[in-house]
Amino acid sequence: SEEMINNSVDKIVPKGFLSAHKKGLARLDEGGHEKLMGQTVELLALNKSGKEFPIELSLSNWEAGNKKFYTGIIRDITEIKSSRESLIKLSKAVDQSPSVIAITDLEGSLEYVNPKFTELTGYSSEEVIGRSSNLLKSGEFEPSQYEDLWEAVKSGKEWRGVFHNKKKDGSLFWESASISPIYSDDGIIT
C-alpha cells in the first residue's frame, strides 16, 4: 500500500487498457458518467513485476464537499479463473469421451448423460434426465445382480460387469460397465 499511495492507478493498468482508462477518467472529470460505475467487471491488472493477472473490479464514485472521489475494489480472481478453466476442460473431456458416461442419483435416476450415451442408446438427454436408468434393462439381468451393484456403489466400492441392455428402438446391445460412486466435498456419496 505504501508503494501505491499518492501514485497513479495507471501503475496497475495494462498498456492495452491505458487509453480507455484515461478516456474514462477524463469523462468523469468533465462531469460525464463512466459506464463501469456501479458495476462489477472482469479485467486484467498488472502486478508489481508488470505481469498481467485477472481481477474483478467494482467502481463507485462519491463526493465530499466540492471534491470527487472514486472507489475501486479489486479482487484477484486468478484461482477462480483457473478453477473455471479446469472445470470447462473436464466438462469437455466428459462430453467428448468415446465412452458412455452417465450420472445418476442414489435412486438410479439419471442426472447426466454424455453424447456417446445418446449415440449408443438412441435416447436424447432430454428423454432420459430424471428417469430411472432401468429404462435400459433388457430383462436378462437377475434382480439380485442389480442389488449387488447398488450395494457395492452405495458402500463406496466400484462395480464392474457386463450388461445386455436395450436401446430406444428395442434392439439389444452388450455393454461392459464400470460403475463407481461420486463423493461430495464432505465425503458423502451422491
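The values are calculated or read from the model by the stated rules, or taken from the named source; none is laboratory data. All of these numbers come straight from a predicted model, not from anything done at the bench. Positions of Cβ are backbone-derived with ideal geometry, glycine not excepted, and every protein chain shown enters the neighbour counts. Heavy atoms of the whole protein, side chains included, go into the accessibility calculation; ligands, DNA and RNA do not. Shrake-Rupley method; radii C 1.70, N 1.55, O 1.52, S 1.80 Å.
Tabulated values for the structure
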read-out: When residues of the stretch 59-68 are limited to those that are on the phi < 0 side of the Ramachandran plot and of a type outside the set (A, V, I, L, M), the one least open to solvent (accessible area, probe 1.4 Å); value: SER60
read-out: Residues located in the stretch 1-31, provided they are more than 14 Å from TYR70 (Cβ to Cβ) and polar (S, T, N, Q); value: SER1, ASN6, ASN7, SER19
read-out: Residue match in the stretch 171-184 (condition: open to solvent by less than 80 Å² (accessible area, probe 1.4 Å), among the aromatic types (Phe, Trp, Tyr) and closer than 14 Å to GLY108 by Cβ); value: no
read-out: Number of the condition not met by VAL113 [criteria: (1) open to solvent by 70 Å² or more (accessible area, probe 1.4 Å); (2) closer than 22 Å to SER184 by Cα]; value: (1)
read-out: Selection from the stretch 116-149 of residues that are open to solvent by 70 Å² or more (accessible area, probe 1.4 Å), assigned to a helix (DSSP H, G or I) and either at pLDDT 95 or above or more than 20 Å from PHE173 (Cβ to Cβ) (or both); value: GLU119, GLU126, PRO143, GLU147, ASP148
read-out: Checklist (1) more than 18 Å from the chain's Cα centre (by Cα); (2) over 26 Å from LYS166 (Cβ atoms) applied to ILE80, failing item; value: (1)
read-out: Criterion: touching a Leu at 6+ places or on another chain (Cβ under 9 Å), surrounded by 10 or more Cβ atoms within 10 Å (Cβ to Cβ) and not in a loop (DSSP other than H, G, I, E, B) - qualifying residue of ALA45, ALA93; value: ALA45
read-out: Flag if GLU56 is assigned to a strand (DSSP E or B), open to solvent by less than 70 Å² (accessible area, probe 1.4 Å) and of a type in the set (D, E, K, R); value: yes
read-out: Pick from the stretch 1-31, criterion open to solvent by 50 Å² or more (accessible area, probe 1.4 Å) and among the small types (Gly, Ala, Ser), ranking: farthest from LYS48 (Cα to Cα); value: GLY31
read-out: Scan of the stretch 101-110 for residues that are surrounded by 14 or more Cβ atoms within 10 Å (Cβ to Cβ) and out of contact with any Asp or Glu (no Cβ under 7 Å at 6 or more places or on another chain), ordered by number; value: ILE101, ALA102, GLY108, SER109, LEU110
read-out: Counted residues, the stretch 59-90 - those being assigned to a strand (DSSP E or B) and of a type in the set (D, E, K, R); value: 5
read-out: Leading residue by the ranking (surrounded by the most Cβ atoms within 10 Å (Cβ to Cβ)) among those in the stretch 150-170 that are in contact (Cβ under 8 Å) with a residue 24 or more places away in the chain and part of a strand (DSSP E or B); value: ASN165
read-out: THR71 vs. criteria among the hydroxyl-bearing types (Ser, Thr, Tyr), touching a strand residue (DSSP E or B) at 6+ places or on another chain (Cβ under 6 Å) and open to solvent by less than 60 Å² (accessible area, probe 1.4 Å); value: yes
read-out: Breaking point among (1) open to solvent by 60 Å² or more (accessible area, probe 1.4 Å); (2) in contact with a Ser or Thr (Cβ under 8 Å, 6 or more places away or on another chain), for SER82; value: (2)
